[in-house]
Amino acid sequence: MSSVAQDPCSEAVIQSSKSGEPCQKTLGRWILAATILASSMAFIDGTVVNVALPFLQTELNATAIGVQWVVESYSLFLAALLLVGGSLGDRYGRRKIFVIGVAIFAIASLACGFSLTIGQLIIARAIQGIGGALLVPGSLAIISASFSKDQRRRAIGTWSGFSAITTAIGPVLGGWLVEHISWRAVFFLNLPLAIAVIVISLWRVPESKEKIQHGSLDWLGAALATLGLGGVVYGLIESSRMGFSDAPVFGSLIAGVVLLAFFVVNEARNSNAMMPLHLFRSGDFAGANLLTLFLYAALSGTLFFFTLALIQVEHYSATAAGAALLPFVFIMFSLSRWSGGLMDRFGSRLPLTVGPIIAAAGFLFFAFAPSASSYWTGFFPAAIVLGLGMAISVAPLTTTVMDSVDAEQAGVASGINNAVSRAAGLIAIAVFGVLMLHSFGASLSQKLGTIQIPMEARQALEEQAVRLGGIEIPATLTPQTQKLVEQSIADSFISGFRLLMYVSAGLAAASALSAWLLISGQSHKSDGTKAG
């Protein structure tokens, strides 16, 4: 008997027959398992690395700018190449490119774990970003290609919910590993997940790709996007150390902006553009991506500095810091399927307006959380409110993006939306870094002026401002003076963090406005039709 006959759920049978619902249901579970694990691997990496940043700063003797690059090198290549990743999957096979991306991500994770210097870690993280650019858009594209339209929303809701819960487990486990083993073990978390994803994908995930090939890939667009984003991010990050008047910083910013402008021109003229601009003629698609830009900029910038605040200022352990956002993720997980059904009742516009407004309130709660007497009266309410806002937003946002394009363009649409969210985080962390370092430095200098300390000690402290809460206090100072300096550092960090939360609240409000103005108010029925 042939292998196909022995395995009624084999890829060959699925592709040759539309019957066999039990088989398709079983196959659907395997598809969700592979895509959820892979997406979680990428999402976990972002949150776990945030927990490890203060320890990286200490062990590798890195500045705040150095640890920014640990995050930004990954985000740069992920954001710039996501569009290529989606196109490669549509063209050569979504499963094939997905598996290749998982393998690259795993190998780079191994290199991260064995890095001996901050420079080596930054390079390994950049390679991780390339792998992520291949696997992330593949996850949603595989779901869209494998499920019928009436099943797709539920599948996306399941994917969103389980990705959230695995993302929640990552920081807690990662924090424990950092505390009890090493920050290096954080990166090794990816290896067992990657092996499981590759096995399931090759065994149970059907291959799919575009039926009609359309010219060559847009490699020029990919290069322009990478260099343009890289130039802008380099200029923003390094400006905190060298100033905007520095020739390399100023030149990098100008070059980055010019290259991004050429990228837009190239996409408009290229018939095989990796970011087809005609997709943005859809109000739903344009509005959803503008919302993504603002909301995820706020979220990414907040999460980066939130972990630093917990460990360096609030003196949380790594495990406690990893667990601090569990309420946020639990709310997103428990409400994800419910929020996915909001579109059937209210359409896209209402949940995508209300959700970001609630998220804005959550950011304002975070602004005052450090002043609370405990986690339960400060960070916990903030996490609950922010989680509710994001839960209402995420599933309808993802579904709106995928429903606004034809199934054949699912990989491109997924790539664009993911690229927008990653680019938002990339730029936000760079901009937030400039704001934080400027606010922190000015506040610290002012507060040190009120303390009686030797001039050389004061200069040493001010020169370390780029380390933020990781500043080393001179041992020559008296214990009482050391406590005053430590409090000045903490107060300066909180002042800068509060400024960032106000900015995040404003960005979330802007995302709500973009949804209300651009996204249609029609409800989407399960058969794919629209009702007024």
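Of note:
- Test for ILE200: is it within 27 Å of ILE97 (Cβ to Cβ), open to solvent by less than 50 Å² (accessible area, probe 1.4 Å) and either modelled with pLDDT of 85 or more or assigned to a helix (DSSP H, G or I) (or both): yes
- Cβ separations smaller than 7 Å between residues 6+ apart or across chains give the following pairs from the stretch 317-329 residues that are under 13 Å from VAL51 (Cα atoms) to residues that are of a type in the set (A, V, I, L, M) and open to solvent by less than 10 Å² (accessible area, probe 1.4 Å): ALA318/VAL51; ALA321/VAL51; ALA321/LEU310; GLY322/VAL51; ALA324/LEU310; LEU325/ALA383.
- Only one entry in ALA194, ALA145, ALA155, ALA168 is of a type outside the set (Ser, Thr, Tyr), closer than 11 Å to SER39 by Cα and either open to solvent by less than 10 Å² (accessible area, probe 1.4 Å) or modelled with pLDDT under 75 (or both), namely ALA194.
- Cβ-Cβ distances below 6 Å connect the following pairs, each with a first residue in the stretch 359-381 that is under 16 Å from ALA298 (Cβ atoms), a second residue that is of a type in the set (Val, Ile, Thr) and crowded, with 19+ Cβ neighbours inside 10 Å, and a separation of six or more residues or different chains: ALA361/VAL385; GLY362/VAL385; PHE365/VAL385.
- Any chance GLN57 is in a helix (DSSP H, G or I) and either at pLDDT 80 or above or closer than 28 Å to LEU224 by Cβ (or both): no
- Filter pass, ALA79 being open to solvent by less than 10 Å² (accessible area, probe 1.4 Å), over 23 Å from ILE195 (Cα atoms), outside any helix (DSSP H, G or I) and touching a residue at least 24 places away in the same chain (Cβ under 8 Å): no
- Residue match in the stretch 466-485 (condition: at positive phi and surrounded by 18 or more Cβ atoms within 10 Å (Cβ to Cβ)): yes
- Candidate set from the stretch 451-465 (those that are exposed (fewer than 11 other Cβ atoms within 10 Å of the Cβ) and part of a helix (DSSP H, G or I)); member that is nearest to the chain's Cα centre (by Cα): GLU463
- Subset tally (residues that are within 19 Å of ILE519 (Cβ to Cβ), surrounded by fewer than 24 Cβ atoms within 10 Å (Cβ to Cβ) and at pLDDT 85 or above) for the stretch 384-419: 0
- Sole residue being surrounded by 24 or more Cβ atoms within 10 Å (Cβ to Cβ), hydrophobic (A, V, I, L, M, F, W, C) and farther than 13 Å from ALA508 by Cβ, chosen from PHE379, PHE368: PHE379
- Taking each residue of the stretch 276-289 that is closer than 10 Å to SER404 by Cβ and touching a residue at least 24 places away in the same chain (Cβ under 8 Å) and looking for partners that are among the charged types (D, E, K, R) and open to solvent by 40 Å² or more (accessible area, probe 1.4 Å) with beta-carbon atoms closer than 9 Å, six or more apart or interchain, yields GLY287/ARG349.
- Of residues in the stretch 82-138 being part of a helix (DSSP H, G or I) and hydroxyl-bearing (Ser, Thr, Tyr), the one nearest to ASN417 (Cα to Cα): SER87
- Filter result (out of contact with any Phe, Trp or Tyr (no Cβ under 7 Å at 6 or more places or on another chain) and among the polar types (S, T, N, Q)) within the stretch 241-281: SER245, ASN266, ASN270, SER271, ASN272
- Extreme residue, modelled with the highest pLDDT, among residues of the stretch 215-241 that are more than 24 Å from GLY89 (Cβ to Cβ) and open to solvent by 80 Å² or more (accessible area, probe 1.4 Å): TYR234
- Test for LEU37: is it hydrophobic (A, V, I, L, M, F, W, C), modelled with pLDDT of 75 or more, touching a helix residue (DSSP H, G or I) at 6+ places or on another chain (Cβ under 8 Å) and open to solvent by 10 Å² or more (accessible area, probe 1.4 Å): yes
Residue by residue, here is whether (1) more than 21 Å from GLY433 (Cβ to Cβ); (2) open to solvent by 30 Å² or more (accessible area, probe 1.4 Å) holds:
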| site | (1), (2) |
| --- | --- |
| ARG281 | yes, yes |
| PHE285 | yes, no |
| PHE294 | no, yes |
| ALA297 | no, no |
| GLY301 | no, no |
| TYR316 | yes, yes |
| ALA320 | yes, yes |
| PRO327 | yes, no |
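- Annotation: PRO381 fulfils all but one of (1) modelled with pLDDT of 85 or more; (2) outside any helix (DSSP H, G or I); (3) not acidic (Asp, Glu); the unmet one is (2).
The values are calculated or read from the model by the stated rules, or taken from the named source; none is laboratory data. Values in this document were obtained by computation on a predicted structure and should not be read as measured data. Every residue, glycine among them, receives a Cβ derived from its backbone with ideal geometry; neighbour counts consider all protein chains shown. Surface areas here come from the heavy atoms of the whole protein model, side chains and all, with no ligands, DNA or RNA. Shrake-Rupley method; radii C 1.70, N 1.55, O 1.52, S 1.80 Å.
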